[in-house]
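**Student:** One structure, as structure tokens, below. Some questions next.
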Amino acid sequence: MIQTKELILQIATITPNGRIDAFNAPELRQEINQFMDEGINHLVIDLSQVTFCDSAAMAVFVSALKRSRQTEGDVKLVWPTSPAACRIFTLTKMDRVFDMCDSAVTAQANFGAI
Amino acid sequence: MSWLAPTNSLSFDLPASYEALIMLEKSLDRFMEMHNLQKSCQFRHDLLLATHEICANIIDHAYMGDPVGRISIKFSLYSSLWLLQIELRDNGRSFDPETVQQPNLEVPQEHGYGLFLAHLLVDNVNYIHHNGNNIWQLVKLFGLSSSD
């Protein structure tokens, strides 16, 4: 899972690539926690380049969401480009829990002024 | 469907580790390609995710993370029945399906979605414990399925 990270105006954007599953989800969790340990609690996880997510990936997203909201932050997700990869979000109704955005730019803008 | 011989089948086994599960994708793709199952991306993804989730449960719960365990996997194509069956076997701890609670979709949780997802992604999920083995059978219909 190659990923890119950027921090702009106190919003961290993480862009994983490929699969996020039980094998590499801990790595993503660690990256997210690193930002949060530094006080960054506004995150965008751009899943547009992700081709496969399992429930372990969902656990990372939910954990991040819960932690961010403890300090009045939030986690926004960008939809995977692949319709098949979007399925897990609709089946678990996580698309109603998260602010699911069509792009990282939209997700960042949805945070408004921080 | 043990009374009906499959049209084609492929059997192999994997170590019970998350790292090994990537082989599921490659093996399923190869099996589908070999038998000209040109199914939709959603069909393939649903079958793969359901199988992956059950395997993850086997790793976490049946073997409790013990990497010595192995998962036996069998893909079976039943052309006359228009279905593909995936059978997963392990000899870890047994499981009582009655004890599994449905996740509350109104309240996001970090665990407990695996079996729930499997039931939604394929047409039938069956579990039996027999002769010290846990046996999962996932069945997905093709041709008539809306995800096809």
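The values are calculated or read from the model by the stated rules, or taken from the named source; none is laboratory data. Computed from a predicted model, the values in this text were never measured in an experiment. Here the Cβ is made from the backbone with ideal geometry for all residues, glycine too, and neighbour counts use every protein chain on show. Heads up: the accessible areas ignore ligands, DNA and RNA and are worked out on the full protein's heavy atoms, side chains in. Shrake-Rupley method; radii C 1.70, N 1.55, O 1.52, S 1.80 Å.
**Student:** Somewhere in region B:25-40, is a residue among the small types (Gly, Ala, Ser), touching a residue at least 40 places away in the same chain (Cβ under 8 Å), more than 9 Å from every other protein chain (Cβ to nearest Cβ) and in contact with an Asp or Glu (Cβ under 8 Å, 6 or more places away or on another chain)?
**Tutor:** Within region B:25-40, none of the residues are among the small types (Gly, Ala, Ser), touching a residue at least 40 places away in the same chain (Cβ under 8 Å), more than 9 Å from every other protein chain (Cβ to nearest Cβ) and in contact with an Asp or Glu (Cβ under 8 Å, 6 or more places away or on another chain).
Rundown of residues vs (1) away from every other protein chain (no Cβ under 14 Å); (2) under 17 Å from residue B:45 (Cβ atoms); (3) modelled with pLDDT of 95 or more; (4) open to solvent by 60 Å² or more (accessible area, probe 1.4 Å), yes/no style:
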site: B:100; (1), (2), (3), (4): no, no, no, yes
site: B:104; (1), (2), (3), (4): no, no, no, yes
site: B:109; (1), (2), (3), (4): no, no, no, no
site: B:113; (1), (2), (3), (4): no, yes, no, no
site: B:123; (1), (2), (3), (4): yes, yes, yes, yes
site: B:127; (1), (2), (3), (4): yes, no, yes, no
site: B:134; (1), (2), (3), (4): yes, no, yes, no
site: B:141; (1), (2), (3), (4): yes, yes, no, yes
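**Student:** State whether one or more residues within region A:29-46 are open to solvent by less than 10 Å² (accessible area, probe 1.4 Å), within 14 Å of chain B (Cβ to nearest Cβ) and at negative phi.
**Tutor:** Scanning region A:29-46 turns up at least one residue that is open to solvent by less than 10 Å² (accessible area, probe 1.4 Å), within 14 Å of chain B (Cβ to nearest Cβ) and at negative phi.
**Student:** Give just the number: which of (1) under 23 Å from residue B:110 (Cβ atoms); (2) within 13 Å of another protein chain (Cβ to nearest Cβ); (3) of a type in the set (Val, Ile, Thr) does residue A:14 not satisfy?
**Tutor:** If we test residue A:14 against (1) under 23 Å from residue B:110 (Cβ atoms); (2) within 13 Å of another protein chain (Cβ to nearest Cβ); (3) of a type in the set (Val, Ile, Thr), just (2) comes out false.
**Student:** Still on this structure, please answer the following. How many residues does region A:57-94 contain that are under 22 Å from residue B:118 (Cβ atoms) and aromatic (Phe, Trp, Tyr)?
**Tutor:** The qualifying residues number 2.
**Student:** Which numbered condition trips up residue B:50, out of (1) of a type in the set (Gly, Ala, Ser); (2) within 11 Å of chain A (Cβ to nearest Cβ); (3) open to solvent by 10 Å² or more (accessible area, probe 1.4 Å)?
**Tutor:** (3)
**Student:** Looking only at region A:93-110, count how many residues are closer than 23 Å to residue A:30 by Cβ and within 11 Å of chain B (Cβ to nearest Cβ).
**Tutor:** Total satisfying the criteria: 3.
Rundown of residues vs (1) in contact (Cβ under 8 Å) with a residue 24 or more places away in the chain; (2) within 18 Å of residue B:25 (Cβ to Cβ); (3) over 13 Å from the mean Cα position of the chain (by Cα); (4) open to solvent by 60 Å² or more (accessible area, probe 1.4 Å), yes/no style:
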{"site": "A:17", "(1), (2), (3), (4)": "yes, yes, no, yes"}
{"site": "A:53", "(1), (2), (3), (4)": "yes, yes, no, no"}
{"site": "A:62", "(1), (2), (3), (4)": "yes, no, no, no"}
{"site": "A:74", "(1), (2), (3), (4)": "yes, no, no, no"}
{"site": "A:77", "(1), (2), (3), (4)": "yes, no, no, no"}
{"site": "A:80", "(1), (2), (3), (4)": "yes, yes, no, no"}
{"site": "A:91", "(1), (2), (3), (4)": "no, no, yes, no"}
{"site": "A:96", "(1), (2), (3), (4)": "no, no, yes, yes"}
{"site": "A:102", "(1), (2), (3), (4)": "yes, no, no, yes"}
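**Student:** Related question: Select from region B:57-98 the residues that are open to solvent by less than 10 Å² (accessible area, probe 1.4 Å) and of a type in the set (A, V, I, L, M, F, W, C) and list them in ascending order.
**Tutor:** B:58, B:59, B:71, B:73, B:75, B:77, B:84, B:86, B:88
**Student:** Of all the strands (runs of 3 or more DSSP E) wholly in region A:8-114, which have at least 3 residues that are over 26 Å from residue B:40 (Cβ atoms)?
**Tutor:** Counting at least 3 such residues, we get A:11-16, A:42-46, A:74-78.
**Student:** Still on this structure: Take the residues in region B:41-66 that are among the charged types (D, E, K, R) and under 20 Å from residue B:19 (Cβ atoms); name whichever of them is farthest from the chain's Cα centre (by Cα).
**Tutor:** Filtering region B:41-66 for residues that are among the charged types (D, E, K, R) and under 20 Å from residue B:19 (Cβ atoms), the one farthest from the chain's Cα centre (by Cα) comes out as B:66.
**Student:** Which one of the conditions (1) acidic (Asp, Glu); (2) in contact with a Phe, Trp or Tyr (Cβ under 6 Å, 6 or more places away or on another chain); (3) under 15 Å from residue B:139 (Cα atoms) does residue B:53 fail to meet, given that it meets all the rest?
**Tutor:** For residue B:53, the exception is condition (2).
**Student:** Evaluate the following for residue B:20: is it facing chain A (nearest Cβ under 10 Å) and in contact with a strand residue (DSSP E or B) (Cβ under 7 Å, 6 or more places away or on another chain)?
**Tutor:** yes
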